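Take a look at the structure set out below.
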Amino acid sequence: MFSSLEELKESCAERGLPIWKVVQEEDAKEQGITPGEHFAKMAGFYSAMKLSDENYDSGLKSRSGLVGGEAGKIAGRRAAGGLLCGDFCGMVMEKALRVSESNACMKRIVAAPTAGSCGVLPAVLVSYQQTKNVPDEKMVEALYVAAGIGGVIASRATLSGAEGGCQAEIGSASAMAAGALCYLMGGEDTMITHAAAMALKSLLGLACDPVAGLVEVPCVKRNVIGAVNAVTASDMACAGIVSRIPPDEVIDAMKSIGRQMSPAIKETGTGGLAATPTGRGMAAAMEAV
């Protein structure tokens, strides 16, 4: 694929094609399938995201008992008009929890780009589709935009919490969602890459500190933050605001920060929130069962 967002933009300009189409063609060639076959495959991924949201069960709890039912609480407050952030962001919050909780409860798992960040991209995309009545085909195009951004981050830095901290998971997912949303809102290529940059840089330095080593606390609620962060970054980009640090340099900074992080806050479950008295108590209680 591409080693930089700038290279991706240049390829789009040379071919006279939008980002989604260039990403599709490159990945189809790499996989040895036709663009049409690849589009159908990507449509299947988007369908899985929607099903994860639709099949949410508010009565289900994870095996640890730490996760479950939170999306229902947001749904109730949203229905009562009690959310200050408005209905769209309320929908995004709810869906981020629905998909993340479904993952933790071992229902449909959507790694986008990782299981720990699975709720961010579906929450933003499905909420937009339901609000704006956009056809599935357009949503799949947006998913290609997200994939292109994620591919560059994976190539240039990492998507692994164990390697780069949660900034590499929730941060990358937020960047992917911001770019995809910007595309859906009519943003041109530079706006799309700057939306991704602003989303990612807002989460630089985020620790990966899962309590008891489970992708549950604080992971599920961080999906909400990453999803809403993506919406604000996209709005800023579409308003003409740019990241003063170029997008590719933001990705490089994330990689550098990850290298400087202590292993204790890179998915080991030994630092950060996992090391608090309550976090250690939760872990001890589960070990005793």
Report summary line: Within the chain, cysteines having no neighbouring cysteine beta carbon under 4.7 Å are 12, 105, 118, 182, 219, 238
Query - 3J(HN,Hα) from dihedral phi, segment 165-175, Karplus parametrisation 6.51/-1.76/1.60, rounded to Hz, x for glycine, proline - result: x, 5, 4, 6, 9, 5, x, 5, 4, 5, 5
Query raised in the report: Using only Cα atoms, what Kirkwood radius does the chain have, in angstroms?
Result: 18.9
Query raised in the report: Taking the Cα atoms only, what angle lies between the long axis of helix 136-156 and the longest principal axis of the chain, rounded to 10 degrees?
Result: 80
Query raised in the report: From the backbone phi of segment 279-289, what are the Karplus-calculated ³J(HN,Hα) couplings (6.51 cos²θ - 1.76 cosθ + 1.60, θ = phi - 60°) in whole Hz, Gly and Pro given as x?
Result: x, 5, x, 4, 5, 5, 5, 6, 5, 6, 6
Query raised in the report: So how tilted is helix 120-132 from the main axis of the chain? Cα-based, degrees 0 to 90, rounded to 10.
Result: 60
Report summary line: Most exposed to least, judged by fewest other Cβ atoms within 10 Å, 208, 219 sort to 219, 208
Report task. Determine the distance separating the Cα centre of segment 42-77 from the Cα centre of segment 87-151; give it in Å without decimals. Result -> 11
Query - Qualifying lysines (Cα of each under 16 Å from Cα of residue 73; at least 8 residues distant if same chain) - result: 61, 95, 221
Report summary line: Longest principal axis of the chain (C-alpha) makes with the long axis of helix 189-201 (C-alpha) an angle, in degrees to the nearest 10, of 20
Report task. On each of the three principal axes of the Cα atoms of segment 7-112, give max minus min coordinate, whole Å, ordered largest first. Result -> 50, 32, 21
Query raised in the report: What order do you get for 99, 23 when you list them from fewest to most C-beta neighbours inside 10 Å?
Result: 23, 99
Query raised in the report: In whole Hz, what ³J(HN,Hα) sequence does segment 93-105 give by Karplus (6.51, -1.76, 1.60; θ = phi - 60°), x for Gly and Pro?
Result: 4, 4, 6, 4, 6, 4, 5, 5, 5, 4, 5, 5, 8
**Report entry** Residues whose placed amide H lies under 5 Å from that of residue 112, excluding near-sequence neighbours
**Finding:** 117, 118
Query - Total formal charge among the other residues, if their Cβ is under 13 angstrom from that of residue 128, Lys/Arg +1 and Asp/Glu -1 - result: -1
Query raised in the report: So what is the 222 nm mean residue ellipticity for the chain from helices alone, if each DSSP H run of at least 4 adds -39500 (n - 2.57) and you divide by all residues, rounding to the nearest 500 deg cm²/dmol?
Result: -20500 deg cm²/dmol
Requested in this report: Compute the signed sum of charges (Lys and Arg +1, Asp and Glu -1) over the other residues within less than 9 Å, Cβ to Cβ, of residue 75.
Outcome: +3
Report summary line: Mean Cβ-within-10 Å packing, highest first, puts peptides 37-50, 186-199 in the order 186-199, 37-50
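Values in this text are rule-based calculations from the coordinates and carry no lab data. Just so it is clear, the model here is predicted, and its values are computed rather than measured. Quick reminder, even Gly has a Cβ in these numbers, built from the backbone with ideal geometry, and neighbours come from all protein chains shown.
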